[in-house]
C-alpha cells in the first residue's frame with residue numbers, strides 16, 4: 001500500500017522507514033443478512049527506524065525482537081491486573 005501525506009512537504013524526509021508492531025481489537029456486529037458494522041481500536045509500537053540518510057536501521061533485528069517481547073509482556077501484565085481488579089470488584 002502507498003499512502004500520501006496530508007500536505008505537501010510535511011512529515012519526515014522521503015526514504016525514511018519504520019518497523020511497527022500493531023495490536024488491534026475489532027468489534028463486529030451483524031446488522032442483517034448482508035451487512036455488518038465494525039469498529040477497531042489499535043495501538044502501535046515503533047520497533048525500529050531507518051533514517052532516509054542512513055544505510056542501516058537504528059537497532060538490530062534481535063533488539064527489535066527483545067522490544068516486542070517486552071511490549072507483549074507489559075500488555076500481558078496489564079491484562080492480568082485488569083482481570084484481578086475486575087474479580088475483586090465482582091467478589092465484593
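Can you tell me the FRET efficiency between residue 46 and residue 76 if r is taken as the Cβ-Cβ distance and R0 is 22 Å, rounded to the nearest 0.05?
Working: r = 20 Å, r/R0 = 0.90.
So the FRET efficiency works out to roughly 0.65.
When the chain is fully extended, how far beyond the present Cα-Cα distance does residue 23 get from residue 91, taking 0.36 nm per residue of separation? Spell out each step's value before the answer.
On the way: separation 68, 0.36 × 68 = 24.48 nm, distance 3.07 nm.
Contour length minus Cα-Cα distance gives 21.4 nm.
Compute the helix-to-body angle for 61-91: its Cα long axis versus the longest principal axis of the chain, expressed 0 to 90° and rounded to tens.
Computed tilt is about 20 degrees.
Once R0 is set to 30 Å, what does the formula 1/(1 + (r/R0)^6) return for the Cβ-Cβ distance between residue 34 and residue 83, expressed as a FRET efficiency to the nearest 0.05? Could you put the intermediate results ahead of the total?
Values: r = 37 Å, r/R0 = 1.23.
For residue 34 and residue 83, the calculated efficiency is 0.25.
Return the single residue from 19, 73, 64 with maximal mean-square fluctuation; model: Gaussian network over the chain, springs between Cα atoms under 10 Å.
Maximum among the listed residues: 73.
Among 61, 53, 32, which one moves the most in a GNM of the chain with springs linking Cα atoms closer than 10 Å?
Its mean-square fluctuation being the largest, the pick is 32.
Rounded, prolate or oblate: pick one for the chain, where a ≥ b ≥ c are the square roots of the eigenvalues of its C-alpha gyration tensor, a/c under 1.5 means rounded, and failing that, prolate if a/b is larger than b/c, else oblate.
Oblate is the answer for the chain, as a/c is 1.5 or above yet b/c matches or exceeds a/b.
Each reported figure results from applying straightforward, stated rules to the coordinates on display, with no laboratory input. Nothing here was measured: the structure is a model prediction, and the numbers come from that model. Note that we place each Cβ from the backbone using ideal geometry, even for glycine, and neighbour counts take in every protein chain shown.
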